[in-house]
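The values are calculated or read from the model by the stated rules, or taken from the named source; none is laboratory data. Everything numeric here is computed off the predicted structure, so don't read it as measured data. Counting neighbours? That spans all protein chains shown, and the Cβs are built from the backbone with ideal geometry, glycine included. Keep in mind that these areas ignore ligands, DNA and RNA; they rest on the heavy atoms of the full protein, side chains included. Shrake-Rupley method; radii C 1.70, N 1.55, O 1.52, S 1.80 Å.
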Amino acid sequence: MIKVVESVGASLSRVAACALASAFSLALVCSSCSGESSADAQGANAGEARRLRVGFSQLGAESNWRSAETRSIQEEAAKRGVELKFSDAQGQQENQIRALKTFIAQKVDAIVLAPKIETGWDNVLADAKAAGIPVVLVDRGVQVADPSLYATLIASDFVEEGRMAASWLVEATGGACKLVELRGTVGAAPAIDRQKGFMEVLAAHPGMEVLLSQSGEFGIAKGKEVMEAFLKQEGRRIQAVYAHNDDMALGAIQALEAFGLRPGSDVKLVSIDGGKPAFEAMVAGKLDCVVECSPLLGPLAFDAVEKLVRGEAVERRIVVADRRFTKELAAAELPNRKY
Ligand code: GYE
């Protein structure tokens, strides 16, 4: 729980407390000094710390993964008695920026942000910093001129995920294969990095040829639509599909079947996320391999938030470890999948 510094004490002790605090706890102290009454800050009974107030800006609900992440954060907030202000931006960065401005005006104790794309955050994150509100990034990173604008990034290593997908495909095809790539949202960290890691491995294997590559925006419907266009253009020359997430792979499976090809036998498929629907597709033999990317970030996010408001240090980058599963392992693993 947070430690709320007494707001009615002598200004001298407040100054001393502020001087000792770290950058972020300093902000908390000052917001409790200036904004809220002692009763607000300490609860009705003296000595009872008030609930932590946290704003969570989620970018949308485009995939099974993202819905699981939202649930994980909401459930963890409830478990810890945190008052969570939740905002779904419905795929629009402008809505996320607006939500952050509202959280700042509401003087929340911390902000958790799952940013849609990497760029465009400098101004609003500078506002949060000026208001003394620590920002915890979850699941996707940002590019900002001043890295102190956020406290930590909790996410998988997407470049490594791309490498893991590529090395499986190289092995499964003996290093000779014509493939298509379904990329994630343009400008999003996982789309950029999953392509980077994948291409890095392919560079050492001249027999691996990417015929076509296009964004399917991390969704089933768009993944299907792009795959249909790929099939129209390249037809049976396509031997494999690399999808940046499960949902687009599931869309591609539908497109392949409608085209008269058998996914998992005529065409190999590898995707990233490792959700239950993808495991079911592997058990059915229609998907060959998944690289896991865990969306269960609630516990890590609130560990970081609680440390930050207590003024404790938090690592700048918390990497979530991922594993790889092939379809031979899918049936045994399916009951363990939590999303
Ligand atoms: O892989 C995808 C989602 O940002 C890591 O976004 C996340 C990605 C995830 O829509 O399914």
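Using +1 on the beta carbon of Lys and Arg, -1 on that of Asp and Glu, and nothing else charged, what's the dipole of the chain about the Cα centre, debye to 20?
On the way: 39 positive and 44 negative charges, 48 e Å.
It works out to roughly 240 debye.
By per-residue mean of other Cβ atoms within 10 Å, what is the highest-first order of 260-267, 128-135, 166-173? Show your work: numbers first, answer last.
Working: 260-267: 15.9, 128-135: 21.0, 166-173: 18.6.
So the peptides 260-267, 128-135, 166-173, ranked by packing, come out 128-135, 166-173, 260-267.
Counting only C-alpha contacts under 8 Å and six or more residues apart, can you give the relative contact order of the chain as a whole percent?
Averaging sequence separation for qualifying contacts and normalising by length gives 18 percent for the chain.
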What figure, in Å² to the nearest 10, do you get for the accessible area of Lys268 with a 1.4 Å probe and non-protein molecules left out? 60
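How would you classify segment 190-339 from its alpha-carbon gyration tensor, with a ≥ b ≥ c the square roots of the eigenvalues: rounded for a/c under 1.5, else prolate if a/b is greater than b/c, otherwise oblate?
Working: a/c = 2.28, a/b = 1.77, b/c = 1.29.
It is prolate, given that a/c is not under 1.5 and a/b is the larger ratio.
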For segment 59-171, what are the per-bin percents of Cα-Cα distances with bins 10 Å wide, up to the bin holding the maximum? 13, 42, 32, 10, 3, 0
Highest first, please rank the peptides 139-145, 158-164 by the mean number of other Cβ atoms sitting within 10 Å of their residues. 158-164, 139-145
Debye intensity ratio I(q)/I(0), log10, the chain, q values 0.06, 0.16 Å⁻¹ (C-alpha model): -0.26, -1.23
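State the percentage of accessible surface on the chain attributable to carbon and sulfur atoms; use a 1.4 Å probe and exclude ligands, DNA and RNA. Spell out each step's value before the answer.
On the way: 7490 of 14330 Å².
Heavy-atom surface of the chain belonging to carbon and sulfur, 1.4 Å probe: 52 percent.
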Each label sits 7 Å from Cα toward the beta-carbon; between Ser265 and Ala331 the label points are separated, in nm, by 1.6
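Under the definition of Cα pairs under 8 Å and six or more residues apart, what whole-number percent is the relative contact order of segment 37-179?
Numbers: 206 pairs, mean separation 26.9, N = 143.
The normalised contact order for segment 37-179 reaches 19 percent.
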Just to be sure I understand the model, the point goes 7 Å from the Cα along the line to the Cβ. What's the resulting Ala229 to Lys276 distance in nm? 3.3
Looking only at lysines whose Cα falls under 29 Å of Lys178's and that sit 8 or more positions away or on another chain, we get Lys196, Lys222, Lys224, Lys232, Lys268, Lys276, Lys286, Lys327
So for the chain: antiparallel DSSP bridges make up what percent, rounded to the nearest 5? 5
So how far, in whole Å, is the C-alpha centre of segment 205-249 from the one of segment 67-105? 32
Lysines near Lys85 by alpha-carbon distance under 20 Å, same-chain residues fewer than 8 away left out - which ones? Lys101, Lys107, Lys116, Lys129, Lys307
Between the residues Leu256, Pro277, Gly235, the Cα farthest towards the positive end of the dipole of segment 231-296, that dipole coming from +1 and -1 charges on the beta-carbon of Lys, Arg, Asp and Glu, is from Gly235
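Please identify the DSSP H helices in the chain that span no less than 15 Å along the helix axis (Cα) and have a mean Kyte-Doolittle hydropathy of 1.0 or more.
Working: long enough: 23-34 (17 Å, 1.67); 64-80 (24 Å, -1.66); 93-105 (18 Å, -0.30); 158-173 (23 Å, 0.28); 189-202 (20 Å, -0.01); 220-234 (21 Å, -0.35); 246-258 (18 Å, 0.52); 298-309 (17 Å, 0.79).
Once both thresholds are applied, what remains is 23-34.
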Heavy-atom accessible area per residue of the chain, all protein chains kept, 1.4 Å probe, expressed in Å², is 42
Residues with amide H under 5 Å from that of Glu292, placed H, sequence gap 5 or more: Asp273, Arg323, Arg324, Phe325
